[in-house]
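**Student:** Provided herewith is a single structure, encoded as structure tokens, for subsequent inquiry.
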Amino acid sequence: MKTFKTLFAILVIAVITISCSADDGTDGAEGPAGTANVIYSAWISAPAGTPETIDGTSGLSTSIAVPKLTADIMEKGTILVYMSFGSATNTYTLPYTSTAGGFANTITAIASLNTIKLFRFKHANDGTTVGLPTTLKWRYVLIPGGVAASTSKKAKPDYSTMSYEEVCSHFNIQP
């Protein structure tokens, strides 16, 4: 009788161990990316640029209010900023470099708590600037940080290398 109970206990433990194995089958497919934690703005018309010198570089800057840009997102998340010349089909990721006005210049975004500063500077840094027109439209996407890549099944994509269209598709954002 004692041998039967011992064999039965071993059999139960073996069944439980086998049925709880991680090698039962394949992992399920990744679900669709959603916008549950992603924060994005509508297209924004920023105020006119004003002269400013940042790190010894003269340019024009303007700022947009971003109430949900927290210290946690700045430390652990991803901040993407886009500009458009009037339509979502002409959308560019910042920093954006061009030869507007006949001079090489860059428009970049500088994030700080609750604000994103847009800054345009000429590469020549000769004290003159290229305009930062109010006709440009701006949009930001804030992606809060998540689980460290070493503990997740897949590494976090590098959103900064994705096109605007890829980011919108990935997070189900209307362009």
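**Student:** Total Lys pairs in the range 42-170 closer than 26 Å by alpha-carbon, pairs eight or more apart in sequence or interchain only?
**Tutor:** Step by step, the pairs that qualify in the range 42-170 add up to 10.
**Student:** For a quick check: with amide H placed at 1.01 Å from N, whose amide H comes under 5 Å from residue 78's, ignoring anything fewer than 5 positions away on the same chain?
**Tutor:** Sorted by chain and number, the residues that satisfy this are 143, 145.
**Student:** Further question on the same structure: What does the charge count near residue 54 come to, summing +1 for each Lys or Arg and -1 for each Asp or Glu among other residues with Cβ under 15 Å from its Cβ?
**Tutor:** Around residue 54, the surrounding residues sum to +1.
**Student:** Could you go through the range 125-140 in sequence order and give the Karplus-derived ³J(HN,Hα) for each residue, using 6.51 cos²θ - 1.76 cosθ + 1.60 with θ = phi - 60°, rounded to whole Hz, and x for Gly and Pro?
**Tutor:** 6, 9, x, 9, 10, 9, x, 10, x, 6, 6, 5, 10, 10, 8, 10
**Student:** Using θ = phi - 60° and the Karplus curve 6.51 cos²θ - 1.76 cosθ + 1.60, what whole-Hz ³J(HN,Hα) does each residue of the range 156-162 get, with Gly and Pro shown as x?
**Tutor:** 5, x, 8, 4, 5, 9, 7
**Student:** Viscosity 0.692 mPa s, temperature 37 °C: Stokes-Einstein D of the range 35-175 from its Kirkwood Cα radius, in µm² per second?
**Tutor:** Details: Rh = 16.0 Å.
Translational D for this selection: 205 µm²/s.
**Student:** Another question about this same structure. If amide hydrogens are placed 1.01 Å from N in the peptide plane, which non-local residues have theirs closer than 5 Å to the one on residue 49?
**Tutor:** 132
**Student:** Tally Lys/Arg at +1 and Asp/Glu at -1 over every other residue whose Cβ is under 13 Å from the Cβ of residue 83; what's the total? Intermediate results must be reported in sequence, preceding the final value.
**Tutor:** Numbers: positive: 120, 137, 139; negative: none.
Around residue 83, the surrounding residues sum to +3.
FYI, it's all coordinate maths here, none of it is from the lab. In this text the structure is predicted, and so the values were computed from the model without any measurement. Cβ: placed from backbone, ideal geometry, glycine included. Neighbour counts: every protein chain shown.
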